[in-house]
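Let me begin by presenting the structure, written as structure tokens, before commenting on it.
No lab work stands behind these numbers, since they all come straight from the coordinates. No experiment lies behind these values; they were computed from the predicted model shown. Here the Cβ positions follow ideal geometry from the backbone for every residue, glycine too, while neighbour counts run over all protein chains shown.
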Amino acid sequence: MATRPHRGRRPLNNWSFTLTAFKDFQSITRYLEEHAVDTDGAANLPWDIMAACDRLGEAPYSGSPRPELGPTLRSVAVNPYTIYHRIVGGQIKISRILHQHQDARRIFRKRRK
């Protein structure tokens, strides 16, 4: 089923991790491997994150705006993580993937300094 663009905008099929987001993703997968989390939900978490990124490519404006963190920042939850992204030059840039217990305000404020 094709996803209809939000408010007449064309869907963006391209997305990429920033270096920081890629390191976040690696840390998540490494944590799951090292702690031998063997529940289906935990084992599928990296795939769930990638699937959420793919869905953003189909409907980039489906994430929630996060103006308190940055003027163009948006987010989407993949429990227990949140994917933070921006649309830059026709491409979705995944900025960070943070655990929901992490202080996103502090982390994004530190990046702006």
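Assorted remarks:
- Across region 12-112, the relative contact order, built from alpha-carbon pairs under 8 Å that are at least six residues apart, equals 32 percent.
- The 3J(HN,Hα) values that the Karplus relation (6.51, -1.76, 1.60; θ = phi - 60°) gives for region 64-80 are, in residue order, 7, x, 10, x, 5, 9, x, x, 10, 7, 10, 8, 9, 8, 10, 3, x Hz. Gly and Pro appear as x.
- Relative packing of 75-83, 26-34, which averages over residues the other C-beta atoms within 10 Å, highest first: 75-83, 26-34
- Antiparallel content of DSSP bridges confined to region 12-112, in %, to 5: 85 percent
- Spacing of the modelled spin labels on Gln91 and Arg106, each 7 Å from Cα toward Cβ, amounts to 3.2 nm.
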